[in-house]
Amino acid sequence: MSENIKVNVTIKNYTSEELYVKSEYLERGKWVQTPVNCKADHETKYAFSAEGAEGSATGIEGEVKYKVGDGDDAPVLAILFGAPYLGPKEFKAGVSGSKYVSILSVSTVGDDNSIVIDFNYKLSK
């Protein structure tokens with residue numbers, strides 16, 4: 001059933017700013033590892049992990065938002081993920097903040113639904 005569906009997220013933070021968990025939300029599924037803050041210039045394996053609810057056929061769907069640094073106008077990194085019981089998996093990430101341009105890649109690796117996010121950003125000109 002759905003408990004066999006898992007999402008494991010690794011964040012490679014190439015910035016000089018810590019990523020602070022701003023919000024976490026699961027529409028479906030349950031947390032295995034709730035989202036944790038990610039140190040500056042550091043790889044955080046299992047920044048968060050979720051799996052489908054036992055006995056359910058709904059899969060996983062959710063969003064985690066990280067504040068980049070602790071300033072009032074700090075950009076926000078949003079990670080959306082979906083791994084339904086049936087159908088294609090979806091993983092998206094983006095950064096909001098009008099002064100910033102993100103350098104971001106999202107890739108899936110392996111058969112265990114692992115997601116690796118390479119994150120960096122710079123001030124726009």
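The values are calculated or read from the model by the stated rules, or taken from the named source; none is laboratory data. Remember, predicted model here, so these are calculated numbers, not experimental data. As a convention, Cβ positions derive from the backbone with ideal geometry for all residues, glycine included, and neighbour counts pool all protein chains shown.
I'd like the residue in the range 79-91 that is over 17 Å from LYS12 (Cβ atoms) and touching a strand residue (DSSP E or B) at 6+ places or on another chain (Cβ under 8 Å) and, out of all such residues, is modelled with the highest pLDDT.
Across the range 79-91, the extreme among qualifying residues is LEU80.
Considering only the range 52-74, state which residues are loosely packed, with under 14 Cβ neighbours inside 10 Å and not small (Gly, Ala, Ser).
Step one: of the range 52-74, the residues loosely packed, with under 14 Cβ neighbours inside 10 Å are 54-55, 57, 70-73.
Of everything in the range 52-74, those that are loosely packed, with under 14 Cβ neighbours inside 10 Å and not small (Gly, Ala, Ser) turn out to be GLU54, ASP70, ASP72, ASP73.
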